[in-house]
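Taking it in order: structure first as structure tokens, then the write-up.
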Amino acid sequence: MAIPVEGQGDSPPRVPLLGAQESQDAAASVGVPEALAALNVFRLLLRRPRTAKATSDLLLSLLFGGELEDRLRELVIMRIGWATGSDYEWTQHWKIALEQFGLEREELLAVRDWRESGAFDAADRAVLQATDETLATGTISPATWADCEAQLGSVNACVELVVALGAWRLISQLTRSLRIPLEVGVASWPPDGLRPPTAE
């Protein structure tokens, strides 16, 4: 049975999330990992199991064993979360970036205003520039593409960067448009609760 879950602030979710067991059952039917089925974003996506499976496969292919460095991917995700005002994306990947992929707290905070920070090297800045351009115009400029090619070291890593940009922009759109709430007990906008101007 689908059950409503309270959203953040005064905005309830637009679509009720599946109950925990129903989500696990739907995930098992298509091969979505149990850990993902427990997340609120997948408790919504698993209303359409094939879509959830496709999304799971895409995200996992980018998170593990890809050619784009983990650090660079996580900077991209955090920048998308901040720039688009996706509390869910920022909050989920705050923990993932720190605990699974070894980024530092100060680096993640610097993503908020990366151009003014000295925390980032040339490769970091290339992918952050590509992120901002993609969010603003839907594409990467020729100069930034050339910079990414030079800094990332392979065409495949550049292709993966573009796919990652699209994938986590999708997650931002899902979480914001459908008002997917944070999991119970998870604090909003870690570590200090500061919200970007784009956050509702």
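Relative contact order for the chain using alpha-carbon pairs under 8 Å, separation at least 6, rounded to a whole percent? Relative contact order for the chain comes out at 27 percent. Assuming a ≥ b ≥ c are the square roots of the Cα gyration tensor eigenvalues, decide whether the chain counts as rounded (a/c under 1.5), prolate (otherwise, with a/b larger than b/c) or oblate. Note, shape of the chain comes out prolate. Here the Karplus relation 6.51 cos²θ - 1.76 cosθ + 1.60, evaluated at θ = phi - 60°, turns the backbone of the range 59-65 into coupling constants of 5, 5, 5, 7, 6, 10, x Hz, with x for every Gly and Pro. Answer rounded, prolate or oblate for the range 61-176, using the Cα gyration tensor with square roots of eigenvalues a ≥ b ≥ c: rounded when a/c is under 1.5, else prolate when a/b is larger than b/c, else oblate. Verdict is rounded for the range 61-176. Here the Karplus relation 6.51 cos²θ - 1.76 cosθ + 1.60, evaluated at θ = phi - 60°, turns the backbone of the range 83-100 into coupling constants of 5, 9, x, 8, 4, 4, 5, 4, 5, 4, 7, 4, 5, 4, 4, 6, 8, 9 Hz, with x for every Gly and Pro. Across the range 20-30, rounded Karplus estimates of 3J(HN,Hα) from the backbone phi angles (6.51 cos²θ - 1.76 cosθ + 1.60, θ = phi - 60°) give 4, 5, 5, 5, 4, 5, 5, 5, 4, 5, 10 Hz, Gly and Pro being marked x. Considering only Thr91, Thr144, Ser177, and ranking their Cα positions along the charge dipole of the range 70-177 that arises from unit charges at the beta-carbon of Lys, Arg, Asp and Glu, the one farthest toward the positive end is Ser177. Rounded to the nearest 20, the Cβ-based charge dipole of the range 1-150 about its Cα centre (Lys and Arg +1, Asp and Glu -1) stands at 660 debye. For Leu17, the amide hydrogen comes within under 5 Å of the amide hydrogens of Ile3, Val5, counting only partners 5 or more places away or on other chains and with H modelled in the peptide plane. Compute the separation of the alpha-carbon centres of the range 12-30 and the range 102-162 and state it in Å as a whole number. Here the answer is 34 Å between Cα centres.
Values quoted throughout were computed directly from the atomic coordinates according to the rules given, and no laboratory measurement underlies them. From a predicted model like this one, the values you see are computed outputs, not experimental measurements. Please note: Cβ atoms are built from the backbone with ideal geometry, for glycine as well, and neighbour counts cover all protein chains shown.
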